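The values are calculated or read from the model by the stated rules, or taken from the named source; none is laboratory data. All values derive from a computational prediction rather than experimental measurement. Note that each Cβ is placed from the backbone with ideal geometry, even for glycine, and that neighbours are counted across all protein chains shown. In case anyone asks, the SASA skips ligands and DNA or RNA and just uses the protein heavy atoms, side chains included. Shrake-Rupley method; radii C 1.70, N 1.55, O 1.52, S 1.80 Å.
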Amino acid sequence: MIEVKNIKKSFGSKVVLNDVSCKMESGKVNLIIGSSGSGKTVFLKCLVGLMDLNSGDILYEGKNVATMLEQEKKELRTQIGMLFQGSALFDSLTVEQNVMFPLDMFTKKSPAEKLKRVNEVLDRVNLKDSNHKFPAEISGGMKKRVALARAIVLNPKYLFCDEPNSGLDPQTSLVVDKLIMEITKEYNITTIMNTHDMNSVMESGDKIIFLYQGEKRWEGSKEDIIFSKDEKLNNFIFASEFLQEAKKMRMMVPK
Amino acid sequence: MIKLLEHFGNYLIMLKGMFSKPENGRVYWKEFIHQCYELGMGSLGIVVIISLFLGAVTTIQTAYQLISPLVQKYVIAQIIRDSSFLELSPTVVCIVLAGVVGSKIASELGNMRVSEQIDALEIMGINSKTYLILPKIVAAFVMIPCLIVLSMFLTVWGGYLAATLSGVMSSQQFNQGLVKDFVSFNLIFGLIKSFTFAFIISSISAYFGYHVKGGALEIGQASTKSVVVSCILILFADYGLAALLL
Ligand SMILES: Nc1ncnc2c1ncn2[C@@H]1O[C@H](COP(=O)(O)OP(=O)(O)OP(=O)(O)O)[C@@H](O)[C@H]1O
Ligand SMILES: [Mg+2]
C-alpha cells in the first residue's frame with residue numbers, strides 16, 4: 001500500500017500539485033484521471049521519487065520515503081516497475097535486450113533462463129517475432145507493450161503506468177488494460193495508472209482519483225463515477241469517447 | 001559568474017555521484033568495452049587522416065622556413081618529432097576529438113535524458129551516473145591516449161613521406177634527425193596531456209548531455225556547448241601543463 005499525504009509540488013511559481021492526499025491499495029488498479037496538463041505525470045514521478053516534493057510525505061507500506069536510507073531506496077526501486085508515457089526504451093538495445101536489461105542487472109539467472117522469461121513476458125503483451133528489432137523500427141503501440149514487458153519482467157510489487165494505452169488501437173488497448181489488471185490481481189501488485197481514456201476507466205479502475213488543476217477533486221469507484229454530481233468531473237467524463245459511446249447506445253435503442 | 005560557479009558545482013556533484021558500487025559488474029564491464037569500441041572505431045579514421053596531413057604539412061612548411069645553409073637538414077625531422085609529441089598530436093588531435101567524441105557523448109546522453117531513458121534507469125534502481133557516465137570517462141581515459149600515441153607515429157610518418165617524396169631530404173637524414181637528442185620526457189609529457197584532455201572531453205560533454213532539459217533543440221545546444229567548453233578548457237590546460245612541467 002502506498003500512502004500519499006498532503007504533497008505539494010511546484011516549478012518556480014507554477015503550482016502543479018496542491019495538497020494531494022490519497023491511499024493506493026495493493027491488488028488494485030488505482031487510476032489517476034484528469035485532462036492534459038492536470039499534473040498526472042508529475043504526480044507519478046513524485047510518487048516514485050524521480051521528482052522531489054516541496055512538502056508532504058509518501059509512505060510505502062508505512063515507511064516514509066523521505067527518511068529511507070540510500071540502500072533501502074535502492075531496494076524499493078527494484079520492486080517498482082514503471083511504464084513511461086513515451087515508453088523510454090533504450091535506443092541502442094533491441095526489443096529482447098531491452099526487456100532482458102533488468103534481468104541482466106539484477107538477477108544471476110543463466111542466459112537460457114533469462115531468454116525464457118523475456119519470451120514469456122513478450123508473449124503476454126502479444127508481441128512475438130520482434131525480438132531482434134530496434135525501438136526505432138517498431139510502432140508506438142509496440143513500444144508501449146515492450147515497455148510494459150520490461151516493467152513487469154522482474155515481478156514488481158508496485159507498477160506505475162503513465163498512459164499505457166495512449167497510441168494503441170482500442171483492441172490492443174483493452175488487451176493491455178486486461179493484462180495490467182490480471183497481473184495486478186495475480187501478484188497482488190499495487191498498480192497506479194494514469195489515463196484519460198474512459199474505456200480503460202470502466203474496464204480496469206478499482207479506485208479512481210480525479211485530478212483537476214493539480215488538486216484532488218474527486219475519489220471513488222467506477223460504479224460511483226457516473227452518478228457523481230461534480231461538475232468538473234462530469235465535464236471531463238462526458239467530453240470523452242465514453243459519451244459518444246453512450247450516445248450511440250441510446251440512438252440504437254428502438255423507440 | 002554565479003552561473004559559472006553553479007555549473008562548476010553541479011559538475012563536481014556529478015563526478016562525485018558517479019562513484020557508486022555497480023549493481024552488476026558484468027553489465028558495467030560490457031558497457032565499458034562497448035564504449036571503448038565506439039570511441040576507438042568512431043574516431044580512428046579522422047585521427048589517421050589528420051595526423052598524416054599534420055606531419056606532412058609541418059615538414060614542408062618547416063623546410064620552407066629553414067633555408068639557412070648553417071642548419072642541417074636533419075633538424076627538420078627533429079622539429080617534426082618534437083612538435084608532434086608535444087603539441088600537434090596531443091592538443092590538435094584532442095581538439096578535433098572534442099568535436100567528434102564530445103558531441104557524440106553529449107547528444108547521446110541528452111537524448112536519453114529527454115526521452116526519459118535516464119529516468120527509466122533510475123526507476124530500476126540503477127545509478128544512471130555510474131552506469132552511463134563512468135564507462136564513457138574510463139573508456140576515453142583508455143582509448144584517447146592510445147589514439148594519441150598512434151597519432152604521434154602517424155604524424156612523424158606523414159612527415160617522413162612528405163620529406164622523402166618531395167625531396168626535401170633523404171630517408172637517412174630523416175632517420176638521423178629522429179633519433180638525435182631524443183628526450184623521452186617529451187613523450188611522457190605528450191601522454192600526460194592526452195590523459196588530461198581525455199578527462200576534459202569526456203566529463204565536460206557528459207555533464208552537458210546529462211543535464212539537458214527540454215527537447216531536441218536543447219540537445220543540439222548542449223552538444224555545441226560541450227564542444228566549445230572542452231576546447232577552451234583544453235587550451236587552458238595545455239598552457240597550464242606547459243608552464244608547470246616544462
Ligand atoms: N520539468 C518541468 N518543469 C516545469 N514545469 C513542468 C515540468 N513538468 C511538468 N510541468 C508542468 O506541470 C503541469 C502538469 O504536467 P503533467 O505532465 O503532469 O501533465 P499530465 O497530466 O501528465 O498531462 P498529459 O495527459 O498531457 O500527459 C504542466 O502544466 C507542465 O507544464
Ligand atoms: Mg502525462
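Observations, loosely collected:
- Computed over the range B:25-245, Kirkwood Rh from alpha-carbon pairs, angstrom: 18.7 Å
- Accessible area buried by the pairing of A and B, both sides summed with a 1.4 Å probe, works out to roughly 1800 Å².
- Between the range A:193-231 and the range B:175-210, the alpha-carbon center distance in angstrom: 62 Å
- B:157, A:218, reordered so the largest accessible area comes first (probe 1.4 Å): B:157, A:218
- Taking Lys and Arg as +1 and Asp and Glu as -1, the other residues whose beta-carbon sits under 13 Å from that of residue A:113 total +3.
- Ranked from largest to smallest solvent-accessible area, with a 1.4 Å probe on the protein heavy atoms, B:80, B:60 come out as B:60, B:80.
- Nearest-10 value in Å² for the accessible area of residue A:196, using the 1.4 Å probe: 80 Å²
- Modelled this way, with points 7 Å down the Cα-to-C-beta line, the labels at residue A:23 and residue B:5 are 4.9 nm from one another.
- On Cα atoms only, tilt of B:25-65 relative to the major axis of chain B in degrees: 30 degrees
- Summarising the label geometry, the points placed 7 Å from Cα in the beta-carbon direction at residue B:46 and residue A:215 lie 5.5 nm from one another.
- The Cα-based radius of gyration of the range A:57-144, divided by its Kirkwood radius, gives an Rg/Rh of 1.05.
- Debye intensity ratio I(q)/I(0), log10, chain A, q values 0.09, 0.13 Å⁻¹ (C-alpha model): -0.42, -0.85
- Altogether, the Stokes-Einstein calculation at 10 °C and 1.306 mPa s, with the Kirkwood radius of the range B:124-225 over Cα pairs as Rh, returns a diffusion coefficient of 94 µm²/s.
- Residue B:231 contributes an accessible area of around 30 Å² to the protein surface, as traced by a 1.4 Å probe with all chains present.
- Geometric descriptor of the range B:192-246, per residue, is 55 Å³ (volume of the convex hull of the Cα atoms).
- Accessible area per residue was computed with a 1.4 Å probe on protein heavy atoms; residue A:174 scores about 70 Å².
- Between the range B:9-41 and the range B:132-164, the Cα center-to-center distance that results, in Å: 21 Å
- Sorted largest first by accessible area at a 1.4 angstrom probe radius, with every protein chain in place, the residues B:204, B:188 fall in the order B:188, B:204.
- Computed over chain A with a Gaussian network model linking Cα atoms closer than 10 Å, the most mobile of A:68, A:142, A:181 is A:68.
- Altogether, the Stokes-Einstein calculation at 10 °C and 1.306 mPa s, with the Kirkwood radius of the protein assembly as shown over Cα pairs as Rh, returns a diffusion coefficient of 61 µm²/s.
- When you restrict to C-alpha pairs under 8 Å that are six or more residues apart and normalise by the size of chain A, the relative contact order lands at 27 percent.
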